[in-house]
Amino acid sequence: MTGTRRPPRQIINVGLSSFADAILHAGGMALHVDWRPPAEGDTALGKSLANLVNNPTVDQANQTAFNRYLNAQPQLESVGAAGALLPGMEDRMILHSGPPIEWQNMCGPMQGAIIGAAIFEGWAEDQNSAVRLLESGEVSLEPCHHHGAAGPMSGIISPSMPVWKVHNSDLGNHTFSNLNEGLGKVLRFGANSPDVIERLKWMQQTLAIVLNEALDELGPVELKPLMAQALHMGDEIHNRNAAATSLFIKKLIPAALRSAQDLESLSQAIEFMAGNDHFFLNLSMAACKSMLDAAHGVPHSSMVTAMARNGVDFGIRLSGCGGDWFTTPAPVVNGLYFPGYTIDDSAPDLGDSAIAETAGIGGFAMAAAPAIVQFVGGTPADALACSKEMTYITLGRNHAFTLPVLNFVGTAAGIDARKVVDTGIAPIINTGIAHRDAGIGQIGAGITRAPLKCFSQAIDRLGETIES
């Protein structure tokens, strides 16, 4: 039979306010709409949503918040001790990933990592004395996000640990992240053996000094252009940082060689960074937090400025809801597991690294990194579809971060909680999977979704601020 070739069919899940957008996005493709009721059919939530959709107050607030995010210019300034740099960091305080949580409720990897931090700081001699100290309440435990910081997996930052300091030259805010330890048995997965503590001390006493002296020679490093170039080289800058790490090392080494550091320390530092493709991850997180903190605190804005997990709870924050967290149980990731492990071995989703997706990279930019599917599952076509799907729940695109395979269009950015609740499309996240027991480490990786319940809670709360 002859005739005109039928265009491919695109299936899009939409709510009422997104129907017209879906038609526009489909272009010449045949469109099949899998309609679902807004707010998952919840009448009360639907009323809150209706008061916020096309609300000029919210729309104006979102434009302000989104512009602040777009205009942010994160620059790497220096490396220094967390206790000296982080706002509100106390002498006996340990920061962790995700929303607030008490010691007794923490997952195994986070407890193990905090025990390791207490030993590293010299507050305890061994695991047993560390546990007694932590159970006594003498050490404050607070989220990294409450101190302008973000840390991967357990996210642990203690006062003596070195951190990156990033400055947003547009609005002047500062953000921080710890240094990446590499893979294997590391603190962020709950390992706290003597070799882990020894590595942390080397990072404090040698690596941090090499990095800071190199940055003194180099001057501030603009992070957005480096991240944009990495996207063009196959990274999505969350679970794949090979290009970004290489670009950073290339920029850093000439300055390091001009510094006053001895050759042995330089050699050790360069070898360590070159052997860790994830080294740039923590810099990416600090840069993303810099952009999103710039957008935070705009009254009535429905823009999401943080998504984070502590291995028990998944939480989000909205620009227009101050310091409030909206939480629900963290999901267990059904991803690709390393040989010998299954989903039964995994801890619930963990870490602050979803700040990448919140800022429009990571899972939102998978179209730039088709090879990532070998690590997190799916196909290159799935990666492309994920980047397209996220346009239905965002305020716009970030044209500083472009996707070559999509004709260099900007990544979808500025998650709008209204659109998430309206469409039922949850933000996608690339994530590593930690073993539920402390110290075993990463056992896989996968693609997951932020729980919709967080966004429903946020819409209810935002609706109250509009009504008042």
Only Lys, Arg, Asp and Glu count, each charged at its Cβ (+1, +1, -1, -1), so figure out the dipole size of the chain about its Cα centre, rounded to 20 debye. 1480
Full extension from ASN105 to ASP382: what is 0.36 nm times the residue separation minus their Cα-Cα distance, to one decimal in nm? 96.1 nm
Applying the gyration tensor rule to the Cα atoms of region 271-429 (axes a ≥ b ≥ c; rounded if a/c under 1.5, else prolate if a/b exceeds b/c, else oblate), the class is rounded
Cα centroid distance between region 387-407 and region 425-468, in Å? 21
Rounded if a/c under 1.5, otherwise prolate or oblate - the chain, Cα gyration tensor axes: prolate
The answer for the net charge of residues other than ALA365 whose Cβ lies under 12 angstrom from its Cβ, with Lys and Arg +1 and Asp and Glu -1, is 0
Once you place label points 7 Å from the Cα toward the Cβ at ASP344 and ASP170, how far apart are they in nm? 4.9
Solvent exposure of region 190-324 as accessible area per residue, Å², 1.4 Å probe: 33
At a threshold of 8 angstrom on Cα-Cα distance, excluding pairs fewer than six apart, so keeping six or more, what relative contact order does region 271-407 reach in percent? 19
Hydrodynamic calc, region 252-342: Kirkwood Rh from Cα pairs, then Stokes-Einstein at 4 °C with viscosity 1.567 mPa s, so D in µm² s⁻¹ is 76
Only helices counted: for the chain, with every DSSP H run of 4 or more residues adding -39500 (n - 2.57) and the sum spread over all residues, [θ] at 222 nm is -11000 deg cm²/dmol
Output the relative contact order of the chain, whole-number percent, from Cα pairs under 8 angstrom with separation of 6+ residues. 20
Residues in region 183-220 that a label on ASP126 would reach, taking backbone N under 14 Å of a point 7 Å out along Cα→Cβ: 193-194
In region 211-301, chymotrypsin sites (Phe, Trp or Tyr not before Pro) in a DSSP loop with at most 15 other beta-carbon atoms within 10 Å: none
Modelled label-to-label distance, SER193 and GLU217, 7 Å Cα→beta-carbon offset: nm? 3.6
Ordering of 155-166, 380-391 by packing [mean C-beta count within 10 Å, highest first]: 155-166, 380-391
Using the structure shown, select from LYS47/LYS388; LYS388/LYS419; LYS165/LYS251 the pairs with a Cα to Cα distance greater than 22 angstrom. LYS47/LYS388
Mean accessible surface per residue for region 36-145, computed with a 1.4 Å probe while every protein chain stays in place, in Å²: 44
Which lysines does LYS185 reach when only Cα atoms under 17 Å apart count, and residues fewer than 8 places away in its own chain are ignored? LYS201
In debye, nearest 20, what is the charge dipole magnitude of region 420-468 about its Cα centre with +1 on Lys and Arg Cβ and -1 on Asp and Glu Cβ, if you could check? 260
Specify the angular offset, from 0 to 90 degrees and rounded to the nearest 10, of the alpha carbon long axis of helix 208-218 from the longest principal axis of the alpha carbons in the chain. 70
Against the longest alpha carbon principal axis of the chain, how many degrees, from 0 to 90 and to the nearest 10, is the axis of helix 56-71 turned? 40
Degrees between helix 127-136 axis and first principal axis of the chain (Cα, 0 to 90, nearest 10): 60
In terms of the Cα gyration tensor, with a ≥ b ≥ c the square roots of its eigenvalues, is region 387-468 rounded because a/c is under 1.5, prolate because a/b exceeds b/c, or oblate? oblate
Out of residues 5 or more away from ASN173 or on other chains, whose amide H comes under 5 Å of its own, with H placed 1.01 Å from N in the peptide plane? ASN168
Scoring region 325-468 by relative contact order with C-alpha pairs under 8 Å, at least six apart, yields a percentage of 29
Filtered chymotrypsin sites (Phe, Trp or Tyr not before Pro), region 295-397: DSSP coil and at most 16 other beta carbons within 10 Å: TYR341
With every atom except the alpha carbons ignored, what do you get for Rg and Dmax of region 162-239, in angstroms? 15.2, 43
Give the peptides 438-447, 122-131 in descending order of average Cβ contacts within 10 Å, highest first. 438-447, 122-131
Heavy atoms only, probe 1.4 Å: what % of the accessible area of region 256-409 goes to carbon and sulfur, would you let me know? 56
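The values are calculated or read from the model by the stated rules, or taken from the named source; none is laboratory data. As the structure is a computational prediction, the values presented were derived from the model and not from experiment. FYI the Cβ positions are ideal-geometry reconstructions off the backbone, even for glycines, and counts take in every protein chain you see. The accessibility values were calculated without ligands, DNA or RNA, using every heavy atom of the protein model including side chains. Shrake-Rupley method; radii C 1.70, N 1.55, O 1.52, S 1.80 Å.
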